[in-house]
Amino acid sequence: MRNCPPEITEIVAETGLGEVVERYRQAVAMELSFAVTCGVLGVSGLVFGDEVGRAIGAGAGGLGVLFAVPAWRRSRCHLYLCTGGLLTTTGTTTVTRLLRWAEVAHVRVWTTRIYQLGPVEEFPRCVLELTDGTTLNLARPPYAGLGRLAGAVERAVTETTYPRRTAEIAETGTSVFGPITLSAAGVRDGRRFVAWSDVARVERGRVRLRIWNRAGRQVISRQVRTIPDLACLLRIASTTRGGTANPARALP
């Protein structure tokens, strides 16, 4: 990656994270917009207001500072996506967390849509379930370009989970993806089952995973957010005899 601090490049190499692919900073656009708005109101009140206006202006200016200071601090926090994992920093090079892909047990990626009076807004979500039982939510706090980051993280984790999942099916006969279970015979969701030889279509939508049989009936429909390692599930489906899977929907 261009313009990567040499200290970070050295840390990544020493810790076995491979190479830095991309850098993401925490999203601060909302806080900055509030800070600017309060600042403008504050200056206007102090310069053009009467006694009451100046008091209001001083208060608005103070609010602007309250928004600006944490926004400035967060703008200096970065996440470095690496070929072998990720690390987060504060300031310029102070590492706050280091995570290897091998430490990720499962990944869940979905998109939340918010309907308001204005344009519909979509918010990507990416939650990593780690091997030590803890979780890492990359949307708290959110990073700018989170959709792109979530897609990259999901692809990287899938490279480690796919061999494990396929080996699990070969050894035990099944692999559980939340509410859905894959086996050598087919796909099961509770009482619903479709054999691999009868799978006609597998589709990942924004909200739901849907599987149709060859008769054109939708046999399985589950919310995407409830299914861990969904990209891995799709990959297994696409490489299993009788099953064809659409590529995972690209995140915004």
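The values are calculated or read from the model by the stated rules, or taken from the named source; none is laboratory data. The model shown is predicted, which means the values in this text are computed figures rather than measured ones. Reconstructed Cβ throughout: ideal geometry from the backbone, glycine too, with neighbour counts over all protein chains shown. These area figures cover heavy atoms from the full protein model, side chains too; ligands, DNA and RNA do not enter into them. Shrake-Rupley method; radii C 1.70, N 1.55, O 1.52, S 1.80 Å.
Observations
- Cβ pairs under 7 Å, 6+ apart, first in the range 154-169 and free of Cβ contacts under 8 Å to residues at least 40 places away in the same chain, second open to solvent by less than 40 Å² (accessible area, probe 1.4 Å): Glu168/Ser175
- Thr166 being within 26 Å of Thr112 (Cβ to Cβ), of a type in the set (S, T, N, Q) and not in a loop (DSSP other than H, G, I, E, B): no
- Number of the condition not met by Glu129 [criteria: (1) touching a Cys at 6+ places or on another chain (Cβ under 9 Å); (2) surrounded by 15 or more Cβ atoms within 10 Å (Cβ to Cβ)]: (1)
- Members of the range 1-41 found to be at pLDDT below 65, open to solvent by 50 Å² or more (accessible area, probe 1.4 Å) and not hydroxyl-bearing (Ser, Thr, Tyr), listed by number: Ala29, Met30, Leu32, Phe34, Val36, Val40, Leu41
- Within the range 132-158, the set of residues being open to solvent by 70 Å² or more (accessible area, probe 1.4 Å) and within 17 Å of Glu22 (Cβ to Cβ) comprises Arg148, Arg155.
- Applying a threshold of 7 Å to beta carbon distances and a minimum spacing of six or more residues, or different chains, the list of pairs starting in the range 208-221 at a residue that is at pLDDT 95 or above and ending at one that is among the aliphatic types (A, V, I, L, M) and part of a loop (DSSP other than H, G, I, E, B) reads Leu209/Ile227.
- Strands (runs of 3 or more DSSP E) fully within the range 56-125 counting 2 or more residues that are surrounded by 19 or more Cβ atoms within 10 Å (Cβ to Cβ), among the aromatic types (Phe, Trp, Tyr) and modelled with pLDDT of 85 or more: none
- Residues (in a loop (DSSP other than H, G, I, E, B) and within 18 Å of Ala195 (Cβ to Cβ)) located in the range 206-237: Arg214, Ala215, Gly216, Arg217
- Residue match in the range 174-187 (condition: assigned to a strand (DSSP E or B), within 13 Å of Asn213 (Cβ to Cβ) and more than 21 Å from the chain's Cα centre (by Cα)): yes
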